[in-house]
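Report on one structure; see the data block that follows.
The values are calculated or read from the model by the stated rules, or taken from the named source; none is laboratory data. Just so you know, these numbers come straight off a predicted model, no measurement behind them. For neighbour counting, all protein chains shown are included, and Cβ atoms are generated from backbone atoms with ideal geometry for every residue, glycine included.
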Amino acid sequence: MPLHLTRRLLLQSTAATLALAAMGAKTAAAAGGGRLIVAADSEPKNLNPAIVASNGVFFIASKVIEPLAEASFTGKDGLEPRLATDWEGSADGLSATFRLREGVTWHDGKPFTSADVAFSALNLWKPLQNLGRIVFANLADVETPDAATAIFRFSKPTPFQMIRNALPVVTSVVPKHLFEGTDIAANPANNRLVGTGPFKFAEYRPGEYYRLERNAGYWSEDQPALNEIVYRVLPDRAGAATALEAEEIHLAAFSAVPLADLDRISKVPGLQVVTKGYEALTYQLIVEINHRRKELADVRVRRAIAHAIDRDFVVRTIFLGHAQAATGPVPQNATEFYTPDVPAYAFDVAKANALLDEAGYPRDANGTRFTLKLLAAPYFSETRQFGDYLRQALAKIGIDAGLASNDSAAHQKAVYTDHAFDLAVAPPVFRGDPAISTTILVQSGLPAGVPFSNQGGYANAELDGVIAKAAETVDEKARIALYNEFQRLVAEDLPLINVAEWGFTTVTRDTVANVGSNPRWAVSNWADLAVTE
Amino acid sequence: MARALTLVRRRLLGSIPVLLLVVALTFLLLESASGDAADAYLLSIGGGDAAFAETLRQAYGLDQSVWARLWLYVQALARLDLGWSVAFNRPVSDLVLERLPNTLLLMGTATALSFALGSFLGILAGSRPGSLRDRLLSAGSLTLYAVPGFWLGLVLVIVFSVWLRWLPTSGLETIASGKHGLARAADIGRHLVLPVGALGVIYTALFLRVMRSGMAEIWERDFILFARSRGIPRRRILLSHVARNALLPLVTVLGLQSAAMLGGSVVIESVFAIPGFGRLAHEAVSGRDAPLLMGVILVSAVMVIAVNLLIDVVYAALDPRIGGREAGP
């Protein structure tokens, strides 16, 4: 088709060029800096992500201290290089080699080398870090043939797939020269962070704010775009929303603005709700079951409970649509592992009642079959609301659930140490690989006192076998097949009931660019985040 | 003066057993709550294995018995050492010294303003009990007194910060503003308007009620009738006789309220994100941080005892009939 240069086409193309130029100018202005003020709802007492791998810590620390690789929407295996540029696992699962980025310096000017990686892995990740203790359980040594190569040696075959999936979370590298020879737990650098990231730790005023400053010597040229990030401590749930509306802060992540306020706040001019950027931070709404109760030890009763829950209602009414119904223990956005090919439990009260009749629990004169003690985790308003819903849903099938409420520490002890519950509502996190924090929810033989683990007394030799086999299967396809089997077994026997999966929301001023740019956005380095004002 | 000193000495000695009782009860109360500091911490970081939990408990000293820990705490306290906060990983005394001034500023301003305004409005209402002005003021104060503080705080924020944009929503001063001297004081003042308003309005209502009812009672007394019969002008009777006598119960209420205000500040400090003493107490309870909670409660108890002592001294000075027996030879 020949191109006829018409006046309209000329005008259109000119307009497009102008628009592009304007956008370019805006971005250039953004590179000039600016201060971003965000809401923070907690002040972690230990801010070192190499020791505490939690979202609360990463929210601040990930801008200062970097992992070997970060999650990515487009990169190979869902990863994007950070301090490592390349990685490879050996076929026998006994070693993993990381090529490290060269020319990187710590914020105090010293060079970053493989010695820092080896030190962090052997002295912090493996022995001290809450998740590293699991992922690097079999790590025996880290060899450093040169300053830019680190070779991890394992005592038993360790699937590289798991290590790779865990890289963004468990591999925050800290400077050896500040930690070596000190009492690591008491090192002041746990709170006055020194890293290689796009921002330097500048100031902390307890109860008021954290302030990070631009690292002019950051290895990625032209980054970061911002001059400064200020985290303003706003502990009250209503605080973040009002501060956004009053234009005192730019951004509130991790659903700091309650779901019930989202609809109203999305209509405020200048503010927008962003749901992207939490794809690798999926929380799961589950019902934990105490199998020591004889009624609940019967799979028919557990299936009846699963049929009594209207998952669509939960998603619509409790999560206001910001969630999706779950089919099993692996969330749908973990596409590498997820399989929909598992037994499903449609909302069917009649079927639930029939199952309970069949199990031999008839209704008494009051219409009650038996009573249960229900505990709902108080950490999220959604878990508390689901507790209220579950109580009503169970009443419809003749189960009288007494709902007890506790504060967080008391709930933790009641469920995971004292086992003083029959049903409990919990929000565990899926961390990119089922081996990190998912299989532990159903695996048997765990001591009491392990939070977010199977404390319901469930034991299934077949399921334990699959979990153990997957933990040492190096071949990726075979490992995925094992986890498909894992999902099928869990959905069939229901050691717990998966109800829904949700990510968080961010509310931001529309002058902030690149919000939600990767699947772990809120806890990533924000080097590309810009404010155009 | 000697009388006042005797009173002070007796009260200080008497307060020691009270403080010890406060320590023991707080410790046991927090101990009886389910879950410990390790549970609270594990939750905040998203979990950990059993060996990790055990390491935490050892590090926090939770592997020792309740009595051993209480005894250790009391020993440290005898050396004026408030201990170590496990939830913040810092000395309790540092935290107390950091947070206390914020709360004292908030409470002190709110108390002073509400006392002044409340007694003034109380005089207006009590000058002619039963008049239209009295009935309007009384009804208004009852309404205000019934309003929950956190709700009033949120409403004030919506009106003055979100809609009108006159005042900041929260905080004690503009973050990282780099302001000094008078500019900084003015900035803090602007931030205090709403929390002091929310905290003060309710107490203003209370002071108004007490002042007004005290005056209404005194108007009926014989010495007022006598003063009237002597032809003393009404204005002088009102101020020198009625209001002055009604001020005594108000001073008592002031002492009582200083304690209640510490409680009220827990809520207001959370709503307005002010790093104060009340919020610290809340953080100590949710973190199951016994040394921190006891530090907060002990310092609060000392303050309440001190304020009440001061009130008693003022009281004895205001009214010669009071304190005579206790401070006697």
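Miscellaneous remarks
- When restricted to residues that are surrounded by fewer than 24 Cβ atoms within 10 Å (Cβ to Cβ) and on the phi > 0 side of the Ramachandran plot, region A:495-529 contains 2.
- In summary, B:TYR203 fulfils each of the numbered conditions (1) more than 14 Å from chain A (Cβ to nearest Cβ); (2) over 17 Å from B:ALA110 (Cβ atoms); (3) not hydrophobic (A, V, I, L, M, F, W, C) with the single exception of condition (2).
- Condition met for A:PHE152 (crowded, with 22+ Cβ neighbours inside 10 Å, within 14 Å of chain B (Cβ to nearest Cβ) and over 30 Å from B:GLY153 (Cβ atoms)): no
- Residue satisfying all of: in region A:471-494; in contact (Cβ under 8 Å) with a residue 24 or more places away in the chain and over 11 Å from A:GLY328 (Cβ atoms); surrounded by the fewest Cβ atoms within 10 Å (Cβ to Cβ) among these: A:GLU472
- Residue in region B:35-51 that is modelled with pLDDT under 85, touching a His at 6+ places or on another chain (Cβ under 9 Å) and of a type outside the set (D, E, K, R) present: yes
- Check on A:ALA243, without any contact (Cβ under 8 Å) to a residue 24 or more places away in the chain, hydrophobic (A, V, I, L, M, F, W, C) and either buried (at least 20 other Cβ atoms within 10 Å of the Cβ) or part of a helix (DSSP H, G or I) (or both): no
- Filtered by the rule that a residue be of a type outside the set (Val, Ile, Thr), more than 18 Å from A:ALA491 (Cβ to Cβ) and in contact (Cβ under 8 Å) with a residue 24 or more places away in the chain, region A:313-344 gives A:PHE313, A:PHE319, A:LEU320, A:HIS322, A:ALA323, A:GLU336.
- All positions within region A:46-83 that are without any contact (Cβ under 8 Å) to a residue 24 or more places away in the chain and either buried (at least 20 other Cβ atoms within 10 Å of the Cβ) or within 14 Å of another protein chain (Cβ to nearest Cβ) (or both): A:GLY56, A:VAL57
- Residue in region B:263-297 that is surrounded by the most Cβ atoms within 10 Å (Cβ to Cβ), counting only those that are of a type in the set (D, E, K, R) and assigned to a helix (DSSP H, G or I): B:GLU269
- Test result for A:GLU533, assigned to a loop (DSSP other than H, G, I, E, B), in contact (Cβ under 8 Å) with a residue 12 or more places away in the chain and touching a Ser or Thr at 6+ places or on another chain (Cβ under 7 Å): yes
- For region A:427-454, residues that are of a type outside the set (A, V, I, L, M), within 11 Å of chain B (Cβ to nearest Cβ) and in contact with a Phe, Trp or Tyr (Cβ under 9 Å, 6 or more places away or on another chain) total 7.
- The residues listed here are B:SER44, B:SER131, B:SER85, B:SER34; of these, the one that is away from chain A (no Cβ under 14 Å) and either in contact with a Pro (Cβ under 8 Å, 6 or more places away or on another chain) or small (Gly, Ala, Ser) (or both) is B:SER131.
- Of the numbered criteria (1) aliphatic (A, V, I, L, M); (2) within 12 Å of chain A (Cβ to nearest Cβ); (3) within 31 Å of the chain's Cα centre (by Cα), the one B:LEU12 fails is (2).
- Criterion: β-branched (Val, Ile, Thr), in contact with a helix residue (DSSP H, G or I) (Cβ under 7 Å, 6 or more places away or on another chain) and under 30 Å from A:THR74 (Cα atoms) - qualifying residue of A:THR335, A:THR339: A:THR339
Conditions (1) in contact with a Leu (Cβ under 9 Å, 6 or more places away or on another chain); (2) not in a loop (DSSP other than H, G, I, E, B), marked per residue:
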position	(1), (2)
B:ALA38	yes, yes
B:GLY46	yes, no
B:ARG57	no, yes
B:ASP63	no, no
B:MET107	yes, yes
B:ALA125	yes, yes
B:ASP134	yes, yes
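- Residue satisfying condition, being more than 11 Å from chain A (Cβ to nearest Cβ) and more than 30 Å from B:ALA185 (Cα to Cα), within set B:VAL96, B:VAL92, B:VAL66: B:VAL66
- Total residues in region B:279-295, condition touching a Leu at 6+ places or on another chain (Cβ under 6 Å) and either more than 14 Å from every other protein chain (Cβ to nearest Cβ) or on the phi > 0 side of the Ramachandran plot (or both): 1
- Hits in region A:199-211 (condition: crowded, with 22+ Cβ neighbours inside 10 Å and more than 11 Å from chain B (Cβ to nearest Cβ)): A:PHE199, A:PHE201
- The single condition among (1) without any contact (Cβ under 8 Å) to a residue 12 or more places away in the chain; (2) at negative phi that B:GLY178 does not satisfy is (2).
- If only residues of region A:371-414 that are hydroxyl-bearing (Ser, Thr, Tyr) and not in a loop (DSSP other than H, G, I, E, B) are counted, the one that is nearest to A:ASN498 (Cα to Cα) is A:THR383.
- Boolean, B:ALA198 is buried (at least 21 other Cβ atoms within 10 Å of the Cβ), aliphatic (A, V, I, L, M) and either part of a helix (DSSP H, G or I) or free of Cβ contacts under 8 Å to residues at least 40 places away in the same chain (or both): yes
- Filtered residues of region B:109-121 (kept if under 30 Å from B:ALA301 (Cα atoms) and either in contact (Cβ under 8 Å) with a residue 12 or more places away in the chain or not in a helix (DSSP H, G or I) (or both)): B:THR109, B:ALA110, B:THR111, B:LEU113, B:SER114, B:PHE115, B:LEU117, B:GLY118, B:SER119
- Of all the listed residues (A:LEU296, A:LEU281, A:LEU285, A:LEU262), the sole one being buried (at least 20 other Cβ atoms within 10 Å of the Cβ), in contact with a strand residue (DSSP E or B) (Cβ under 8 Å, 6 or more places away or on another chain), more than 14 Å from chain B (Cβ to nearest Cβ) and closer than 19 Å to A:GLY503 by Cα is A:LEU285.
- Within region B:151-167, considering residues that are without any contact (Cβ under 8 Å) to a residue 24 or more places away in the chain and of a type outside the set (Val, Ile, Thr), the one nearest to the other protein chains (Cβ to nearest Cβ): B:ARG165
- Just one of the listed residues (B:SER240, B:SER258, B:SER265) is within 14 Å of chain A (Cβ to nearest Cβ), polar (S, T, N, Q) and within 30 Å of B:LEU121 (Cα to Cα), namely B:SER265.
- Region A:400-415 - residue that is touching a strand residue (DSSP E or B) at 6+ places or on another chain (Cβ under 9 Å) and crowded, with 22+ Cβ neighbours inside 10 Å and, of those, farthest from the other protein chains (Cβ to nearest Cβ): A:VAL415
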